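Here's the structure we're looking at; comments come further down.
The values are calculated or read from the model by the stated rules, or taken from the named source; none is laboratory data. Since this is a predicted model, take the numbers as computed values, not measurements. Reconstructed Cβ throughout: ideal geometry from the backbone, glycine too, with neighbour counts over all protein chains shown.
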Amino acid sequence: MIVDDKLRTPGAVRDAERWTAHNYHPLPVVISSAEGAWLTDVDGKRYLDCLAGYSALNFGHRHPQLIAAAHAQLDRLTLTSRAFIHDQFADFCRELAELCGKDLVLPMNTGAEAVETGIKVARKWGYQVKGVTPGQANIVVAEGNFHGRTTTIVSFSTDEDARANFGPYTPGFTVVPYGDLDALTAAIDENTVAVLLEPIQGEQGVVVPPEGYLPGVRRVCTERDVLFIADEIQSGLGRTGRTFACDHEDVVPDMYLLGKALGGGIVPVSAVAANADVLGVLKPGQHGSTFGGNPLACAVAIEVVRLLATGEFQRRSAELGERLRAGLEGLVGKGLVGVRVRGLWAGLDIDPALMSGREACERLAERGVLAKDTHGSTIRLAPPLVITEEEIDLAVAQLAAVLAG
């Protein structure tokens, strides 16, 4: 292959490899600009974004309403710390609480911080409200989970890449098979304070639990006086065709963990939403974040909540998701051996005899479509919710060409 010595991408990739810790294995694509569902690299090549920042870009790149909110706030105030109250804070917390149907919101920055917050709140609730033996609280979690990569979170991960060599591990977690209600029920004891689950497991390959599982979890948690914590950091905020993935089975958890799309693809924003009898256990000095709920983050997130309040993006995800499903299911037996779709979120199992997921994503990138592999020969598609029918058809057609060799 002839390499054009005027291309900027190879040098930029080398520099990134030279100067950064190798905690990621990115595709050799160097993005310089983006708008809507499209990205442009440093050499001017355009790509259709079918990852959307793992759902952080649900509203596409540089959504005009979100960019306008960020610009306006940048001209006034960006940070105060939580030592003071700013004029965007109450509106953000109120509007997000109303979207979630909860009393209170606790803003943080990253998804992992939201999960850590949920764990701390659940433990404190267990001791102060449920009456669990001090120091004995446990939380039931699922195999194949992905809740982040902090020391505590990887302690209950079953992904050895995320977990191995980071011990000693934090105790207080019981791991059960995902989708197995009997196993979950059996794992709950008198010291269990919460069940922490993704309503759809994203990193595992967009794994949707069996019908009735989430309502069953809700029922068991209520019966056993245990909090149901739903990690909707990837699955929530319109991705699956509803505001929350739990909505598909009319399930309301005790606590929502939110992030990614909440920042509009502009700033990191996460949050925990729950009722006062749960979040109310926290008192001043017991938990916090310098940047959590900062003015810039709140200004952008307010507009995110208002976009979701219209229902437009949930409808787009549901309707376009059916088009995506139809296209992908047509490839089963033609290189795909499994497809799971919920809204504009899909997990695709490629015949491992053909290629790995990484190889598939590299070949898609050559054809101008960006996606991400997860485990083995599984890849994920999660395009921005602003994608069009024609762009979905383009992505499916390029995937078909890759599978056909």
- Task: Write out, first by first residue and then by second, each pair whose Cβ atoms fall under 6 Å of each other, whose residues are 6+ apart or on separate chains, and whose first residue, in the stretch 270-283, is in contact (Cβ under 8 Å) with a residue 24 or more places away in the chain while the second is among the hydroxyl-bearing types (S, T, Y).
- Result: S270/T110; V272/T117; A273/Y256
- Could you tell me which residue of the stretch 29-62 is nearest to A162 (Cα to Cα), considering only residues that are touching a residue at least 24 places away in the same chain (Cβ under 8 Å) and more than 23 Å from the chain's Cα centre (by Cα)? D41
- Which listed residue is touching a Ser or Thr at 6+ places or on another chain (Cβ under 6 Å), on the phi < 0 side of the Ramachandran plot, modelled with pLDDT of 95 or more and not basic (K, R), from I392, I350: I350
- Message: Can you pull out every residue in the stretch 46-79 that is surrounded by 15 or more Cβ atoms within 10 Å (Cβ to Cβ), more than 17 Å from G259 (Cα to Cα) and in contact with a Gly (Cβ under 9 Å, 6 or more places away or on another chain)?
- Response: Y47, L48, D49, R62, H63, I67, A69, A70
- Task: Quick one: G376 ticks every box in (1) in a loop (DSSP other than H, G, I, E, B); (2) closer than 18 Å to T240 by Cβ except a single one, so which number is it?
- Result: (2)
- Residue count, the stretch 232-281 (criterion: among the hydrophobic types (A, V, I, L, M, F, W, C), over 30 Å from R325 (Cα atoms) and in a helix (DSSP H, G or I)): 3
- Do you know which residues across the stretch 223-255 are surrounded by fewer than 24 Cβ atoms within 10 Å (Cβ to Cβ), within 20 Å of L381 (Cβ to Cβ) and not charged (D, E, K, R)? H248
- Task: Quickly run through the stretch 320-351 and pick out the residues that are in a helix (DSSP H, G or I) and either free of Cβ contacts under 8 Å to residues at least 60 places away in the same chain or crowded, with 18+ Cβ neighbours inside 10 Å (or both).
- Result: L320, G321, E322, L324, R325, A326, G327, L328, E329
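For every residue, the table says whether it meets (1) over 16 Å from L96 (Cα atoms); (2) of a type in the set (A, V, I, L, M, F, W, C); (3) at pLDDT 95 or above.
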residue: F228; (1), (2), (3): yes, yes, yes
residue: Q234; (1), (2), (3): yes, no, yes
residue: L237; (1), (2), (3): no, yes, yes
residue: I266; (1), (2), (3): yes, yes, yes
residue: G280; (1), (2), (3): yes, no, yes
residue: H287; (1), (2), (3): yes, no, yes
residue: G293; (1), (2), (3): no, no, yes
- Message: Looking for something assigned by TED's automatic domain parsing to the domain that holds G265, in contact with a helix residue (DSSP H, G or I) (Cβ under 6 Å, 6 or more places away or on another chain) and surrounded by fewer than 24 Cβ atoms within 10 Å (Cβ to Cβ) - is there at least one such residue anywhere in the stretch 119-130?
- Response: no
- Task: Output the number of residues of the stretch 189-207 satisfying the condition of being surrounded by fewer than 20 Cβ atoms within 10 Å (Cβ to Cβ) and over 23 Å from the mean Cα position of the chain (by Cα).
- Result: 3
- If you go through the stretch 93-104 one residue at a time, how many are in contact with a helix residue (DSSP H, G or I) (Cβ under 9 Å, 6 or more places away or on another chain), surrounded by fewer than 23 Cβ atoms within 10 Å (Cβ to Cβ) and under 16 Å from L237 (Cα atoms)? 5
- Query: Does A90 qualify as being surrounded by fewer than 22 Cβ atoms within 10 Å (Cβ to Cβ) and in contact with a Lys or Arg (Cβ under 8 Å, 6 or more places away or on another chain)?
  - Reply: no
